[in-house]
Every structure is written in structure tokens, then in C-alpha cells.
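The values are calculated or read from the model by the stated rules, or taken from the named source; none is laboratory data. Predicted model, so just to flag it, every value in this text is computed and none were measured. Because the Cβ atoms are built from the backbone with ideal geometry, glycine has one as well, and the counts that use them run over all protein chains shown.
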Amino acid sequence: MKKNVINRRSKNLKKRFLWVRVTQLAFLVCLLSMAAISTDFGQVSMYTHHLSDFKLLYMLYIVFIVRGLGLMFVLQKSAAGLQKKTASRRPVIRGIVCELLLISILIFLAYKSF
Amino acid sequence: MIFLSLGLLVGFIGSLLGIGGGVVLVPYLHYVAGLTFREAIAVSLFAIVCTSLVASLKRMRESEMDFTSLPVFEISMLLGGLTGGYLGAFVSDFVLRIVFSVVLFFTATMMIFRGGLMIFFRPRKNKNRRNADNMTTKTAAVSVLLFFIGTIASMTGLGGGVLIVPTLVLVAGYSMRKASATSLYIMGVMAASALLSQWGSVELTMADFFLLLGGIFCGAPLGFSLADKVSALLLRRMFAVLLFFVSIKTIWQTLGQAL
């Protein structure tokens, strides 16, 4: 009985933070691609670069947009859960609006950079 | 190899003392590795992004995060990061060094005391947490403060954790654990926006850059494993003395060059 509860809990936690895991994976891909390009795909000849010369650095925008979308998904789910309860939905809606704004700013910045 | 060992040392000290990478990284890269001040700040900002993205999951699981306020704080930090990024790239080296030294001196002072900034203020017990209006006012106040913290942090390449955590505890009424997790989560977007606004124009040798990051990621678990076995407060105080020395040296050098 206890084991079942613990298993269910850890499954819920895994589901809840799946979006953070996805973000981490995206970041790892971004980092590895940057490393691969900077080492000329294996030939260890390193150059001095401007950080902004790396278009892949702009993948950071994508990483944060993915993270933002994940958080928005979590907030949207909790907003749907609150519909039946008496608790105020105002903070959740505020959170969703702010996250949307954040994602819009990031997309605008990414567009401007490219 | 120098950069790899530097990264190992920085990751080890950072996780052992529970402080962000910036405090260790910027002085070390500038004075030991011989990077210019701006290069050191750019590397530090990238390291903050890495730490925030990699370590935040562990902290988020341990503490009950308030997801509804996170986006508001993130926007403040993003705008602060952008402002600080532009300011940092356009202000003179003199101003940058002075701001860095002052922030470093403040950080060192906070490390001397057990409770950091909290010993000067008593966190108010939040009885009516459910009052939505009260929470909105608090969130707005924290957001304004976070904007300024983000500006300073992105200018100097320091994570700002030493300022963010007390702000969240004292103004928003968060617990220490929750504040620490939130701080780790929101500082990533600040560092990324600063890096992508103007600090990206800094020139770096990418090999050194990646070796350093690799070292940080390998050194951090070593520090975490040792953290429970040694007296953290004593180590923090010893390290604070070193930071005092670095900040005074930076001010001395900067004023010496200016005069």
C-alpha cells in the first residue's frame, strides 16, 4: 500500500517536472553542437570567436522558450484544476499572461538577433 | 588544462560553500587565468545559465515552488538582464570595476554572517497568505527589486543569489529553501538575456570556454559530497576574507589606473 503511494508520487513528480527535463536535454544538445562546431568537428583547432558569432548561442533563446512553454502548460493545467474549487484563479491567470509575455519578448529578441 | 583545473576548482568551491559561480569565477578568470574583465564576466554569465538549467530541477523537486509567481519574477529578471547587459557593454571599464568591487565587498560581508542579509531584518510572519491583493502587492514589490538586482547582476557577472534570496524571504515571505530554488530558476533567464544583449560581442577562445564549463560540472559533485563533512560557516568566512582582499585589490588597481 505504502509502496504504491510512493510509486504514484514519484510518477507524478516525474510527470510534473518533465518539461524541465526537456529543457535540460535541449540545452545539452545546444552545448554539444556549439562544442562540435568550435572544435571543427573533432579536429582540435580552436579559434578565438566572438560569442555572438555563434549563431548556435541563439539556441539559448529556444531553450528558454521551451522552458517557458512547459511552465505555461503546468499553469494551464492547474488553472483547469481550480475551476471546480473555490480557490482564486487570478494568480494562475496572471502567471500564464506573464509567461506569454516572456515568450513573446524572447521570440522578438531572437527574431531581432537573427 | 589550466582552464579545466580552474573549472574543477570553481565548481568544487562553489558547491562546497553554497555560492554561485560568479563570485569565484570572475576574480579567478581575471586575476589567475589572465582574461580581461569583460571576458571573465561573459564566461561567468554563461556558467550561470548552465547552473540554472542543470541544477534547478533538483532544487525544484526538494521545495514546493510557487509556479504562479515564477513568470512575473522571470520577466523582471529578463528586463533587468537586458538593461544590465547593455549598460555593462557601454559603460567604461572604470565604472564596471567599481560596481563589481562594491557588489563583491557586499557579498563578502554577507558571507561573514550566518544568516546573511537576514540578520539585519526579521522576516514578517505571513498570516494572511490567502489574501490575493496582499500577494499581488508583494509580487509587484519583489518584481521591481528583482529588476534592479538583475541589472546589477548582469553588469557584474555575479549571479545575484546573495541579493535575490533575501528579497524573496523578506519581501515575499518565502521559506529559505523555496527562495533558493526560485532564485536558481530565475537567474538563468537573466544571465542568458545579458549574454545575448551585448556580452555576446566579447571575444573568447572556445576551447578554454568549454574546458572551463566541463571542469565546473565535474567539480560541483565533489564539492556537494564534501559539503556535509566540513564546517561550511568556517569555510565561508575564510573565503569571505579572500573576497574582501579581491574587492579591495580591484578598487585599488582601478583607482590607481584612473589617477
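For every residue, the table says whether it meets (1) modelled with pLDDT of 70 or more; (2) surrounded by 21 or more Cβ atoms within 10 Å (Cβ to Cβ).
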| residue | (1), (2) |
| --- | --- |
| B:ARG114 | no, no |
| B:MET118 | no, no |
| B:ALA132 | no, no |
| B:LYS138 | yes, no |
| B:VAL144 | yes, no |
| B:ALA153 | yes, yes |
| B:GLY157 | yes, yes |
| B:GLY161 | yes, yes |
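Taking only the stretch B:165-193 into account, find how many residues are away from chain A (no Cβ under 14 Å) and among the aliphatic types (A, V, I, L, M).
As a first pass, look at the stretch B:165-193 and keep what is away from chain A (no Cβ under 14 Å): B:165-171, B:173-180, B:183.
Now drop any that are not among the aliphatic types (A, V, I, L, M), which leaves B:165, B:168-171, B:176, B:179.
Number satisfying all stated conditions: 7.
Just wondering, is there one or more residues in the stretch B:200-214 that are more than 9 Å from every other protein chain (Cβ to nearest Cβ) and either crowded, with 22+ Cβ neighbours inside 10 Å or at pLDDT 80 or above (or both)?
Yes, the stretch B:200-214 contains at least one residue that is more than 9 Å from every other protein chain (Cβ to nearest Cβ) and either crowded, with 22+ Cβ neighbours inside 10 Å or at pLDDT 80 or above (or both).
How many residues are without any contact (Cβ under 8 Å) to a residue 40 or more places away in the chain and either within 14 Å of chain A (Cβ to nearest Cβ) or not in a helix (DSSP H, G or I) (or both) when one looks only at the stretch B:64-109? Show your work before the answer.
Of the stretch B:64-109, the ones without any contact (Cβ under 8 Å) to a residue 40 or more places away in the chain are B:67-68, B:71, B:92, B:95.
Subsequent filtering for residues that are either within 14 Å of chain A (Cβ to nearest Cβ) or not in a helix (DSSP H, G or I) (or both) retains B:67-68, B:71, B:92.
Result for the stretch B:64-109: 4.
When the stretch B:1-16 is examined, which residues are found to be at pLDDT below 70 and surrounded by fewer than 21 Cβ atoms within 10 Å (Cβ to Cβ)?
Going through the stretch B:1-16, the residues at pLDDT below 70 turn out to be B:1-2, B:14-16.
Within the stretch B:1-16, B:MET1, B:ILE2 qualify.
Could you tell me whether any residue of the stretch A:93-106 is more than 9 Å from chain B (Cβ to nearest Cβ), part of a helix (DSSP H, G or I), crowded, with 16+ Cβ neighbours inside 10 Å and modelled with pLDDT of 80 or more?
Yes, some residue in the stretch A:93-106 is more than 9 Å from chain B (Cβ to nearest Cβ), part of a helix (DSSP H, G or I), crowded, with 16+ Cβ neighbours inside 10 Å and modelled with pLDDT of 80 or more.
Do we find that A:LEU56 is more than 8 Å from every other protein chain (Cβ to nearest Cβ), modelled with pLDDT under 80 and in contact with a Ser or Thr (Cβ under 6 Å, 6 or more places away or on another chain) in this structure? First the steps, then the outcome.
Numbers: more than 8 Å from every other protein chain (Cβ to nearest Cβ): yes; modelled with pLDDT under 80: yes; in contact with a Ser or Thr (Cβ under 6 Å, 6 or more places away or on another chain): yes.
Criteria met by A:LEU56.
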